[in-house]
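The values are calculated or read from the model by the stated rules, or taken from the named source; none is laboratory data. These numbers come from a predicted model, not from an experiment. Cβ coordinates were reconstructed from backbone atoms using ideal geometry, including for glycine residues, and neighbour counts include every protein chain displayed. The accessibility values were calculated without ligands, DNA or RNA, using every heavy atom of the protein model including side chains. Shrake-Rupley method; radii C 1.70, N 1.55, O 1.52, S 1.80 Å.
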Amino acid sequence: MSIRVGIGYDSHRFVPGDGVLLGGVTIPAPVRCTGHSDADAVAHAVTDAILGGAGLGDIGEMFPDTAAENKGRDSMAMLALAVARCAAAGWYPQQVDVTVICESPKIGPHRSAIRQRLAEVLRVNADATMVKGKTNEGMGWIGRGEGVAVIAVATLAEGPRS
Ligand code: MG
């Protein structure tokens, strides 16, 4: 059985708001992320990780931010479409490991909910997902609380094309 690994990265800027959407879960905060879609940086990094592992390009190619249909779009729904595209090419996500880097909000209390949402969309068990929160120790743009960065690594296995 062939196994592949993909990596994804994303970042979004904070603006005043009422919660940060990460992995389909809104974490209460005095800010929100801004972007063309719903600005879900976890969904975007995981999408790039699976598309990259499958050799199928990237999220910007699949969902251009110049397309009106992608404005405000549900990024977990976009991830589901990327999962389907991988399956059509014979690649199935096996697990994903995600690191969220921001000074606040804290990710830990919401980890289980995010893992569950990722598992549903990736069609894996929740224990095949992980989400970790890190600060940037007060350094740089993340340290100043200007936004959030996310790194994701995904493993895909080859299977029958769907
Ligand atoms: Mg993004």
What would the Debye formula give as log10 I(q)/I(0) at q = 0.14, 0.15, 0.19, 0.22 Å⁻¹ for the alpha-carbon point model of segment 27-126, no solvent? -0.55, -0.63, -0.98, -1.24
Using the alpha-carbon centroid of each, what span in Å lies between segment 1-71 and segment 132-162? 10
Give the long-range amide H neighbours of Gly90: residues separated by 5 or more places, or on another chain, with amide H under 5 Å away, using H modelled in the peptide plane at 1.01 Å from N. Ser162
Count the net charge of all other residues whose Cβ sits under 12 Å from the Cβ of Met130, scoring Lys and Arg as +1 and Asp and Glu as -1. +1
Rounded to the nearest 10, the angle in degrees between the Cα long axis of helix 111-122 and the longest principal axis of the Cα atoms of the chain comes to 30
Counting only DSSP beta bridges with both residues in segment 3-158, tell me the antiparallel percent, nearest 5. 80
Under a plain spin-label model, where a point goes 7 Å from the Cα along Cα-to-Cβ, how far apart in nm are Tyr9 and Ser162? 3.0
First compute the accessible area of the chain with a 1.4 Å probe, then give the percent of it belonging to carbon and sulfur atoms. 52
Farthest towards the positive end of the dipole of segment 3-158, among Pro16, Ala87, Gly52 and with Cβ unit charges of +1 on Lys and Arg and -1 on Asp and Glu, lies the Cα of Pro16
If each K or R counts +1 and each D or E counts -1, the residues other than Ala149 whose Cβ falls under 12 Å of its Cβ total -1
Only Lys, Arg (+1) and Asp, Glu (-1) charged, at Cβ; the chain dipole about Cα centre in debye: 280
So what's the convex hull volume per residue for the Cα atoms of segment 1-41, in Å³? 88
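So what's the back-of-envelope 222 nm ellipticity for the chain, counting only DSSP H runs of four-plus at -39500 (n - 2.57) apiece and dividing by all residues, rounded to 500?
On the way: 5 runs with 47 residues, N = 162.
That comes out to -8500 deg cm²/dmol.
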Taking only protein heavy atoms and a 1.4 Å probe, what accessible area per residue, in Å², does segment 3-158 have with all protein chains in place? 45
Viscosity 0.890 mPa s, 25 °C: Kirkwood-radius Stokes-Einstein D of segment 98-144 over Cα pairs, µm²/s: 215
